[in-house]
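See below for the structure under consideration.
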Amino acid sequence: MIITCEKCRTRYRIADSVLDKPELKVRCHKCGHRFIVQRAAPIDDAFLLQEELHPDYSRVIAVSNQKGGVAKTTTTLNLGAAFARMGKRVLLVDFDVQANLTILLGFRKAKSFYDVLAGGVKDIGGAVVKTKYANLSLLPSSSKMALLKKKYLSQHNFEYLLRDRLRTIQDKYDHVLIDTPPSIEFFTLNALVAANLVVVPSTCEYLSMHGVSQIHDVIDVLKKGINREVECKVLITMHHPQNTSEKVIFDKLRQTYRDNLFKTVIEADDRMQESHIVNEPISYYAETSRAAKQYMQLAEEIAG
Ligand SMILES: Nc1ncnc2c1ncn2[C@@H]1O[C@H](COP(=O)(O)OP(=O)(O)OP(=O)(O)O)[C@@H](O)[C@H]1O
Ligand SMILES: [Mg+2]
């Protein structure tokens, strides 16, 4: 029998030998939370679950907004780095032909998802590279990725290409984060289908707010069939708290998305540009900067 921890959602298999007990008091091996697995009658002894299930365990997070320049790539990199610093095993997937995430991590001419599909590498794991940061790996992008759209867009079930291949390596990671391009097409759809959480970065600007509602419309359609489990949350990025017009848009986003707006807000921070120039996540470049702390806080909000 498979059960899920009420608190951290870790999944376990209960050994057949204890299945005949009427009610199980259990303790999550991972977060320590105690809860009852219902059976007909109660029993007293706490039973520590042993076996953790891996398939489908990793959290797949797509970072998406069809508005350009709202910090999708910056968020993928820095949220991923924050998770990695928390000791989580993280895979970043650059699913944008611009390959900005790949460039920010200092890789050039690496193998990409294109090579996985074109047969240049045997499986998706063969294209994954380790970054110089502990726990942080990358599936790079390259300009060749543009050919994928042409080749596969008209094919039946093209939107499952990434999800199906990710599933073969997902047990190696706690979190998979996918960076997407500023449009809703081949790459973004593949990412949205693979994801169980979509983070939608938005600046407090009028047109950025529209991008948020467009991506929500697409996700509403996916939730009705292709990806019923997917959650979606808006993240305010590059915020200037003192700016009056930003305050107006912020309030509007808060009213519209309520619980689906992250509590954490990422403020504009000059150190971010500097960290990009030296090809480092902000938490390594300037650990005590505002942006580094806010991305760490975001990782804790998601993990918690
Ligand atoms: N918190 C921040 N403070 C200051 N500048 C930031 C911050 N976050 C991102 N930026 C800057 O904003 C610009 C756009 O960021 P980024 O490339 O991550 O956006 P994007 O949404 O991925 O863009 P695209 O749509 O082109 O893929 C970059 O120059 C980046 O350095
Ligand atoms: Mg980008």
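The values are calculated or read from the model by the stated rules, or taken from the named source; none is laboratory data. From a predicted model like this one, the values you see are computed outputs, not experimental measurements. For neighbour counting, all protein chains shown are included, and Cβ atoms are generated from backbone atoms with ideal geometry for every residue, glycine included. Each accessible area value is taken on the protein alone, full model and side chains, heavy atoms only, with ligands, DNA and RNA left out. Shrake-Rupley method; radii C 1.70, N 1.55, O 1.52, S 1.80 Å.
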Problem - Rounded to 10°, Cα long-axis angle of helix 290-303 versus longest principal axis of the chain - result: 30 degrees
Problem - Cβ-based net charge around Ile266, under 11 Å, with every Lys or Arg adding one and every Asp or Glu removing one - result: 0
Practice task
Mind pulling the per residue volume of the convex hull built on the Cα atoms of region 124-230? Å³ is fine.
Solution key: 140 Å³
Exercise for the section: Within the set of other residues whose C-beta is less than 9 Å from the C-beta of Asn135, count the net charge using Lys and Arg as +1 and Asp and Glu as -1. Expected result: +2
Exercise for the section: Please report, in cubic angstrom per residue, the volume enclosed by the convex hull of the alpha-carbon atoms of the chain. Expected result: 154 Å³
Problem - Cross-link pairs beyond the 24 Å C-alpha cut-off, checked among Lys67/Lys233; Lys88/Lys293; Lys72/Lys144; Lys67/Lys122 - result: Lys67/Lys122
Problem - Burial ranking of peptide ranges 187-195, 250-258, 67-75 (average Cβ count within 10 Å, highest at the top) - result: 187-195, 67-75, 250-258
Exercise for the section: Just need the relative contact order of region 59-303 here, percent rounded to a whole number, with Cα pairs under 8 Å and 6+ apart. Expected result: 26 percent
Handout entry: Scattering profile of region 175-304 at q = 0.12, 0.14, 0.17, 0.20 Å⁻¹ [log10 I(q)/I(0), Debye over alpha-carbon scatterers]
Key = -0.51, -0.69, -1.01, -1.30
Exercise for the section: For a quick protection proxy, order the peptides 140-153, 95-108 by their average other-Cβ count within 10 Å, most packed first. Expected result: 95-108, 140-153
Fill in the blank from the handout: So, over other residues within a Cβ distance under 11 Å of Thr102, counting Lys, Arg +1 and Asp, Glu -1, the net charge is 0
Problem - Disulfide-incompatible cysteines by the Cβ rule (no partner under 4.7 Å) in the chain - result: Cys204, Cys232
Completion exercise
In Å², rounded to a whole number, the accessible area per residue of region 51-163 with probe 1.4 Å is 43 Å²
Practice task
Run the quick spin-label model on Cys31 and Asn243: label points 7 Å from Cα toward the beta carbon, then report their separation in nm to one decimal.
Solution key: 3.5 nm
Practice task
Using only alpha carbon pairs under 8 Å that are at least six residues apart, calculate the relative contact order of region 237-304 and give it in whole percent.
Solution key: 31 percent
